[in-house]
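**Q** Mind looking over this structure? Questions follow.
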Amino acid sequence: MRAEAQAHVDRISAALDLLKTSLNWDVALRRLDELNARVEDPTLWDDQSAAQAVMTERRRLDESITAAKEIQQEMDDTLEFIEMADEEGDNGLADEGVETLSRLADRADRDKVQALLSGEADNFDTYLEIHAGAGGTESQDWAEMLLRMYQRWAEARGYKVSMVDYQAGDQAGIKSATLEIKGENAYGFAKTESGVHRLVRISPFDSAAKRHTSFSSVWVYPVIDDSFEVEINEGDLKIDTYRASGSGGQHVNTTDSAVRITHQPTGIVVASQNDRSQHKNRATAVGMLKARLFEAELQRREAEASGEYQAKTEIGWGHQIRSYVLQPYQMVKDLRTGVTSSAPSDVLDGALDPFIAAALSQRVTGEKVDVEDVD
């Protein structure tokens with residue numbers, strides 16, 4: 001087989017293997033048969049909510065299985081086509097076959113990532129919190145750079161982005177901010193961004209032009225509705241009100257309409273100031289708290305199911321996941337997967353998909369990569 005064709009085949013095969021692993025292929029095939037049988041049952045629609053859930057699961061499963069089968073069949077057919085062209089000495093046709101494999105490899109990578117979004121809440125909308133680390137203005141400016149990065153990433157995917165909470169920095173940047181991102185699989189794509197992000201650069205705030213290192217934390221959790229029962233004891237909540245610091249009109253900025261809730265058993269803190277009504281902000285904050293508690297339970301279940309609970313509990317707020325170096329050279333490096341980019345300006349402008357795809361793949365394979373941080 002031609003070397004270029006083999007490279008495409010290897011890429012396609014790797015994507016198919018990962019796709020089938022993520023689906024738990026044999027189980028998925030049996031489950032699709034079960035769902036197809038349920039769809040034929042005329043009593044299914046007696047419960048509209050349950051029927052919709054069945055139809056949604058069936059559609060997502062059918063799309064993933066069909067995609068895998070189509071890719072496999074097209075690869076096999078194309079390889080036969082190339083072999084025949086080579087036997088006949090028709091280099092032009094063989095080249096066309098190689099180009100077909102190249103396009104198929106691109107499709108396999110796209111479908112692989114889509115299939116990796118099979119978690120219980122992956123298709124939900126998401127909250128994304130950013131908090132500046134220690135370091136004052138340096139870290140607060142970095143936190144605002146991250147805020148812009150995620151806004152650009154979400155908008156490029158066609159998601160709707162709104163600001164739920166915004167705490168301005170003392171001199172520049174932000175102390176914290178919370179985005180609500182709405183769109184298909186918003187949580188599934190964003191969830192691997194939780195962790196600590198490190199920036200190395202020549203500080204624009206340092207007259208001596210020295211190199212500085214700054215840290216900010218990101219936390220991602222799904223938006224849930226009332227159909228998910230998350231019990232909260234009112235006695236466990238510490239509720240503070242304060243004057244909103246973000247834009248939103250004169251009334252928002254001159255009254256104590258913003259609400260901050262601390263869940264004392266876990267130490268989780270959420271805040272909302274996007275509405276002029278303190279009552280509505282309180283309701284939003286309670287919903288965010290329930291979502292955070294729900295996300296913690298999802299992580300616990302996922303970790304236990306993979307038999308890596310102890311290891312996964314270490315991955316959280318204090319876990320550094322990525323370094324962004326702007327000086328003395330240009331590099332972004334993911335410390336979980338080893339994926340790098342020599343164009344940090346593109347990454348900071350929202351080009352996050354390669355990092356997200358690799359992190360999603362790693363969650364399925366469990367493969368550990370020994371990655372050294374960059375200086």
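The values are calculated or read from the model by the stated rules, or taken from the named source; none is laboratory data. All figures in this text were calculated on a predicted structure; none of them were measured in a lab. Heads up, the Cβs are rebuilt from the backbone with ideal geometry, glycines too, and the neighbour counts pull from every protein chain shown. These area figures cover heavy atoms from the full protein model, side chains too; ligands, DNA and RNA do not enter into them. Shrake-Rupley method; radii C 1.70, N 1.55, O 1.52, S 1.80 Å.
**Q** Using a 1.4 angstrom probe on heavy atoms only, work out the carbon and sulfur share of the accessible area of segment 1-155 in %.
**A** Answer for segment 1-155: carbon and sulfur cover 46 percent of the accessible area.
**Q** With a ≥ b ≥ c the root eigenvalues of the C-alpha gyration tensor of segment 74-219, is it rounded (a/c under 1.5), prolate (a/b larger than b/c) or oblate?
**A** Since a/c reaches 1.5 and a/b is larger than b/c, the shape of segment 74-219 is classed as prolate.
**Q** Dipole of segment 161-290, Cα-centred, from +1 at each Lys and Arg C-beta and -1 at each Asp and Glu C-beta, to the nearest 20 debye? Working shown, then result.
**A** Details: 14 positive and 15 negative charges, 137 e Å.
The dipole magnitude comes to about 660 debye.
**Q** List the residues whose amide H sits under 5 Å from the amide H of residue 164, counting only those 5 or more places along or on another chain, with H placed 1.01 Å from N in the peptide plane.
**A** Under 5 Å from the amide H of residue 164: 178, 179, 180.
**Q** As I understand it, the dipole of the chain uses +1 on the Cβ of Lys and Arg and -1 on the Cβ of Asp and Glu, about the Cα centre. Which of 156, 244, 12 lies farthest toward its positive end?
**A** It is 244, whose Cα lies furthest towards the positive end.
**Q** In whole Hz, with x marking every Gly and Pro, tabulate ³J(HN,Hα) for segment 56-71 from phi via Karplus 6.51 cos²θ - 1.76 cosθ + 1.60, θ = phi - 60°.
**A** 5, 4, 4, 4, 5, 5, 5, 4, 5, 5, 4, 4, 4, 5, 5, 5
**Q** Also, I was wondering about something else. Which residue, chosen from 321, 187, 285, occupies the Cα position most advanced towards the positive end of the dipole of the chain, where the dipole is computed from +1 (Lys, Arg) and -1 (Asp, Glu) charges on Cβ about the Cα centre?
**A** Working it through, the farthest residue towards the positive pole turns out to be 285.
**Q** Among the listed pairs 112/182; 112/210; 280/333; 160/290; 210/368, give every one whose C-alpha distance is greater than 32 Å. Show your work: numbers first, answer last.
**A** On the way: 112/182 22 Å; 112/210 43 Å; 280/333 40 Å; 160/290 22 Å; 210/368 35 Å.
Too far apart for the 32 Å limit: 112/210; 280/333; 210/368.
**Q** Normalised by the residues of segment 130-256, what does the relative contact order come to in percent, with Cα pairs under 8 Å and at least six apart?
**A** Dividing the mean separation by the residue count of segment 130-256 yields 25 percent.
**Q** Rounded to the nearest whole Å², what accessible area per residue is found for the chain with the 1.4 Å probe?
**A** About 50 Å² of surface per residue is accessible.
**Q** For the chain, what is the charge dipole size about the Cα centre, in debye to the nearest 20, if Lys and Arg each add +1 at the Cβ and Asp and Glu each add -1 at the Cβ?
**A** Dipole magnitude for the chain comes out near 2140 debye.
**Q** In addition: Along the positive direction of the dipole of segment 27-100 (beta-carbon charges: Lys, Arg +1; Asp, Glu -1; about the Cα centre), which of 43, 72, 89 reaches farthest?
**A** Comparing the listed Cα positions along the dipole, 43 ranks first.
**Q** Quick one: which residues, 5 or more positions from residue 169 or on another chain, have an amide H under 5 Å from its amide H? H modelled 1.01 Å from N in the peptide plane, none for Pro or chain starts.
**A** Result for residue 169 returns 174, 175.
**Q** First check a/c for the chain, with a ≥ b ≥ c the square roots of the eigenvalues of its C-alpha gyration tensor; if it is under 1.5, answer rounded, and if not, answer prolate when a/b is larger than b/c or oblate otherwise.
**A** oblate
**Q** Under the Karplus relation 6.51 cos²θ - 1.76 cosθ + 1.60, θ = phi - 60°, what is the ordered set of whole-Hz ³J(HN,Hα) values for segment 188-200, x standing for Gly and Pro?
**A** x, 6, 7, 4, 7, 8, 5, x, 9, 10, 10, 10, 10
**Q** Tell me the mean residue ellipticity at 222 nm calculated for the chain from its helices only (DSSP H runs of n ≥ 4, each -39500 (n - 2.57), averaged over every residue, nearest 500).
**A** When only DSSP H runs of four or more count, the value is -16000 deg cm²/dmol.
**Q** Given Cβ point charges of +1 (Lys, Arg) and -1 (Asp, Glu) and nothing else, what value in debye, to the nearest 20, does the dipole of segment 91-206 about its Cα centre take?
**A** 60 debye
**Q** Another question, then. Over the chain, calculate the relative contact order: mean separation of alpha carbon pairs under 8 Å at least 6 apart, over the residue count, as a percent.
**A** Details: 616 pairs, mean separation 56.6, N = 375.
That works out to 15 percent.
**Q** Which ³J(HN,Hα) values in Hz, rounded to whole numbers, follow from the phi angles of segment 239-244 under the Karplus curve 6.51 cos²θ - 1.76 cosθ + 1.60, where θ = phi - 60° and Gly and Pro get x?
**A** 10, 10, 10, 7, 7, 5
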